[in-house]
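Below is one structure, written out as structure tokens, with a few remarks after it.
Read-outs throughout are calculated quantities, based only on the coordinates presented, and are distinct from any laboratory measurement. This one's a predicted model, so the numbers in the text were calculated from it and none came from an experiment. Cβ coordinates were reconstructed from backbone atoms using ideal geometry, including for glycine residues, and neighbour counts include every protein chain displayed.
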Amino acid sequence: MVPNPQADFSLYAQRREHVLDRLGDDAILILPAGPELHVGRDAEVPYQPDSELYYLTGYTEPEAIAVLGPRCADAPFTLFVRARDPEREVWTGVRGGIEAACDLFGADVAFPIGEFGERLSRLAVNASRIYVRTDAGRRDIDDIVLKLLKSALARRQRAGVAPLTLSDPALLLDDMRVVKDATEITLLRDAASLTAASFREAAKSIRPNAGEWQVEAALNYAFRRRGASGSSFPAIVAGGANATILHYTTNERELADNTLVLVDAGARRRMYCADVSRTFPVNGKFTDVQRDLYDVVLAAHAAAIAVVRPGATLQDVHRSALAALVHGMLELGLLEGDAEALIEAETSIKPFYPHKTSHWLGLDVHDVGDYMKDAQPRRLEAGMVFTIEPGLYVAQDTVDVPGYLRGIGIRIEDDVLVTEDGCEVLTLELPTDARAVEEMMR
Ligand code: GLY
Ligand code: MN
Ligand code: MN
């Protein structure tokens, strides 16, 4: 078990109180953590705790299930956990068991996971709606919930109340998670700053003939040495034309002189993610052509950051980046036509910029939260955290552009927090301008 020694358990209790209020008297929430995965017969894949369960309980042991409901038969907060098992603990470490579930994690009652099936109908006795995560990869839990639903259907006519409606827990949790509280902001700042320092360190391993995998290793070493639990996602170290593959993660080629390398990685620190990209000249000096393209992306990055404030939307951020990219590409002769029309239609620039400019960031690297509300782009609020990551990609087989521009991918990605009057760039310690990027490599 890895209970966080600095964990503020009252924070999880406050979040649960909020959820219990929103659930009302006739609903329960079931959050099962994902299964433990194995390679081959019995080699465990490192377990990634469930973000929703963690957000509400701090619990990180595999396969636990939380049940919340103001009118659950026994208590509002039930945890099903792996029971103590001295024989298994010799192999995989100490478990908290039932005792820690109650004494440390604040469950009103706790049971072994295997009892979930027999206890669910009692927990759901007053519920007509069940919020349950059905895409956690837990067929065992899905089957139990479905069985309950079927028997409720048969009994409802006489019993009067029974759980007949299934709902997505995202409806309760995503709006909470998308606005970060002070504790989360501290952890995100930590992850961002640790990632920035690690990029500075790993930049020094970039040189002609270095392997992409060596830069990846330098990053991962720097992350872990600084206390990260690992990476937020598999690092992308993409030399030359590999950078035009957006999620290139094989990292198995050597870096070539006179090319660029796009590095996109992030540390995970106490469950919270960073996500940063920088693009470096492999030999330490941008060519004029590379620099021109780089500066177009940098202008888009600045234009996107400039519009971030409460009340703006991620669509505004994207449009601002897009406008700067279009203007820059017109100047370089990469696009032709009327700027406003090109920005409006987006189709001409799509091959060069196929992704959006931002995604939410938090416990998940592509964090939860709707991007639209009532059919309109959602308004930003203080406490929201997201990436700003404009890029420019000219695939090797692009026609209608000069040969020397082909096979180049550039992305500049930072993590930002919306503040009361603008934004804080959490990854500011890592410079973006071309000269400073060159400097970082020395
Ligand atoms: N690292 C993937 C992304 O930037 O979204
Ligand atoms: Mn990224
Ligand atoms: Mn990203």
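Summary of values
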{"read-out": "Distance in nm between pseudo-label sites at Ala436 and Ala182 (7 Å out along the Cβ direction from Cα)", "value": "2.9 nm"}
{"read-out": "Chain lengthening between Ala339 and Asn209 when straightened (0.36 nm per residue, less Cα-Cα)", "value": "42.8 nm"}
{"read-out": "Distance (nanometres) between label positions extended 7 Å along Cα→Cβ at Ala217 and Glu424", "value": "3.7 nm"}
{"read-out": "Phi-based couplings in Hz for the stretch 400-414 (Karplus 6.51, -1.76, 1.60; Gly and Pro marked x)", "value": "6, 10, x, x, 5, 8, 7, x, 10, x, 10, 9, 10, 10, 10"}
{"read-out": "Sorted by Cβ neighbour density within 10 Å, fewest at the top, the residues Cys423, Cys273", "value": "Cys423, Cys273"}
{"read-out": "Stretchable slack from Glu17 to Gln157, in nm (0.36 nm times residue separation minus alpha-carbon distance)", "value": "47.1 nm"}
{"read-out": "Given charges at Cβ of Lys, Arg, Asp, Glu: the chain dipole, positive-most of Ala265, Leu325, Thr57", "value": "Thr57"}
{"read-out": "Ascending count of other beta-carbon atoms within 10 Å, so fewest first, for Asp175, Asp264", "value": "Asp175, Asp264"}
{"read-out": "Net charge of neighbours whose Cβ lies under 9 Å from the Cβ of Gly328, counting Lys and Arg as +1 and Asp and Glu as -1", "value": "-3"}
{"read-out": "For the stretch 252-318 versus the stretch 125-142, the gap between their alpha-carbon centres in whole angstrom", "value": "40 Å"}
{"read-out": "Leu330/His355 FRET efficiency (R0 22 Å; Cβ-Cβ; nearest 0.05)", "value": "0.60"}
{"read-out": "Karplus (6.51, -1.76, 1.60) ³J(HN,Hα), θ = phi - 60°, over the stretch 336-344, in Hz, Gly and Pro reported as x", "value": "10, x, 8, 4, 4, 5, 5, 5, 4"}
{"read-out": "Within the chain, longest stretch clear of exposed GluC sites (Glu not before Pro) (DSSP loop, no more than 16 other Cβ within 10 Å)", "value": "37-251"}
{"read-out": "Long-range amide H partners of Thr313 with built H, under 5 Å", "value": "Leu380"}
{"read-out": "All-pairs Cα distance distribution in the chain, expressed in whole percent, bin size 10 Å", "value": "4, 19, 26, 22, 16, 9, 3, 0"}
{"read-out": "Length released on extending from Lys373 to Val399, taking residue separation times 0.36 nm less the Cα-Cα span", "value": "5.4 nm"}
